[in-house]
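We did not get these values from a lab; they are worked out from the coordinates using the rules stated. Everything quoted here is computed from the prediction, not taken from an experiment. With ideal geometry, Cβ positions are generated from the backbone for all residues, glycine too; neighbour counts draw on all protein chains shown.
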Amino acid sequence: VQDAIQKRFDEAAPDLKLSMGAVRLDGADGATLTDVEIRDRKSGKPIFRSASVSVDIDANRLLEQQQVLVDAVRLDTVDVLLVREEDGRWNWQQYEFHAPQDSPTQLPQISVKDVRLQLTLKHGGGIPEARIPLTIQAIQAVPASRDKYDFDGGINLPGVGLLNLAGAWDLGKRNWNLSGRMRGVQADNSLMGLAQATNPEIQNHLTQVDSM
């Protein structure tokens, strides 16, 4: 099963490398992977880690054709590196994702809990990059088509509050769209610092407002 999962991943994400500590079969229709890590295949730099990944698989396809088709994925205790480059593109946008020829018409449903997200924002022009640690309690991604997801969840912004998110992720075009709503937000130094890290020029606008 571990070899089949590895082969399926290599077909789907040729620019990335998957490693795992062990695979435990949960009957004929599921498996649990431990110590899962994904690295950039060229640089070897880790971009994703998860203590545990549980998958629901098509038992009939596995037994009859020795193929692993995943119906649902559940991840727990996750570390993710997300980088916005100077040109505005995100690090994951450089990777290609392909649906294997024998894959089902529907993507697996994905649910994630306890996510630690290291967000790095590169500005260029001599401006130091900003690093923002974020936590996500839970996020759910539901297939909208063969290569698109709809997702919703919540991100805890440090010292600010909870940002409820909803959006879509297009694997083929490698882009996403987001909408969000915040609650319990206070416009303190934490919020101002977060805003300035996202857009360094905002400090000039805030100074102008204060002087009016």
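Summary table below
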{"item": "Cβ-derived FRET efficiency at R0 35 Å, Leu25 paired with Val83, nearest 0.05", "result": "0.45"}
{"item": "Extension gain from Trp90 to Leu165, taking 0.36 nm per residue of separation minus the Cα-Cα distance", "result": "25.2 nm"}
{"item": "Potential extension, Ala51-Ser145 segment - 0.36 nm per residue separation minus Cα distance", "result": "31.0 nm"}
{"item": "Region 6-96, relative contact order [Cα under 8 Å, separation at least 6], %", "result": "22"}
{"item": "Cβ-based net charge around Ile132, under 13 Å, with every Lys or Arg adding one and every Asp or Glu removing one", "result": "+3"}
{"item": "Residue-span extension gain [Asp35 to Thr135] - 0.36 nm each, minus C-alpha spacing", "result": "34.0 nm"}
